Amino acid sequence: VKIEGIEDMLVHYARCCAPVKGDHIVGFVTRGRGLTVHRKDCPKVLELDPERRIHVSWDSATTFARPISIRVVTDDREGMLADLSGVFSKNNINISEANCKVLREGQAVNTFKCGIVDLEQLRRIVKALEGVKGVHAVERARSADGA
């Protein structure tokens, strides 16, 4: 992350909104923890002191995977989890955590915590997941923890 006029500042990425390269971001200067980077539309950062928000931007020279969660609503059918995880594998995206719950209506909610490099990679994986038979909805969860 590039911070206007500041070098060598400790930077954290907010778990509440899990920003990835390409998101519109804002920095928040914390007390004692350096800078926390949020998505500009993060409800939490909008509640914080506006005088401590600063302009930041992504460093185009660096690439690294940031943890985010993707929620997929599907039919509850045999082989669905294998089909979904296969999509992540084909797209070279590592799943670090998966949570699958069956709903009463014959559907399931699957939340995958995975490493995403940028918005383009996120768009590709969402589109690929939407192409799986029995998938009803795919969305980026609000936080990296799936909330």
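The values are calculated or read from the model by the stated rules, or taken from the named source; none is laboratory data. Only a predicted model underlies this, so the values are computations on that prediction, with no experimental measurement involved. Backbone-built Cβ (ideal geometry, glycine too); neighbour counts: all protein chains shown. The area values use the complete protein model at the heavy-atom level, side chains included, leaving out ligands, DNA and RNA. Shrake-Rupley method; radii C 1.70, N 1.55, O 1.52, S 1.80 Å.
Structural remarks
- Relative to the longest principal axis of the Cα atoms of the chain, the long axis of helix 80-90 makes an angle of roughly 50 degrees.
- Among 72, 57, 9 - extreme Cα towards positive end, dipole of the range 5-115, charges at beta-carbon: 9
- Accessible area (Å², per residue) of the chain, counting only protein heavy atoms and a probe of 1.4 Å: 59 Å²
- The longest part of the chain holding none of the exposed loop trypsin sites (Lys or Arg not before Pro), meaning those outside H, G, I, E and B in DSSP with at most 11 other Cβ atoms within 10 Å, is 34-103.
- Here is the list for the range 94-147: GluC sites (Glu not before Pro) lying in DSSP coil, each with at most 13 other C-beta atoms within 10 angstrom of its C-beta, are 105.
- Values of log10 I(q)/I(0), in the order q = 0.18, 0.21 Å⁻¹, for the chain under a Debye, Cα-only, solvent-free model: -0.99, -1.22
- Carbon + sulfur, % of accessible area of the chain - ligands and nucleic acids excluded, 1.4 Å: 48 percent
- Amide hydrogen proximity for residue 97: with H placed 1.01 Å from N in the peptide plane, the residues at 5 or more positions away or on another chain lying under 5 Å are 113.
- Built amide H within the under 5 Å cut-off of residue 25, gap 5+: 40
- C-alpha long axis of helix 119-130 to longest principal axis of the chain, angle in °: 20 degrees
- Among 106-112, 79-85, sorting by the average number of other beta carbon atoms lying within 10 angstrom of each residue, highest first, gives 106-112, 79-85.
- Rounded to the nearest 20, the Cβ-based charge dipole of the range 4-72 about its Cα centre (Lys and Arg +1, Asp and Glu -1) stands at 380 debye.
- The range 94-111 - phi-based ³J(HN,Hα) in whole Hz, Karplus 6.51/-1.76/1.60, Gly and Pro as x: 7, 8, 9, 7, 9, 9, 10, 10, 8, 9, 5, 7, x, 10, 9, 10, 10, 10
- For the range 40-127, fraction of C-alpha pairs farther apart than 14 Å, in %: 72 percent
- Nearest-20 debye value, the chain charge dipole, Cβ charges on Lys, Arg, Asp, Glu: 100 debye
- The residue 103 and residue 24 beta-carbon pair, evaluated with R₀ = 35 Å, returns a calculated FRET efficiency of approximately 0.60.
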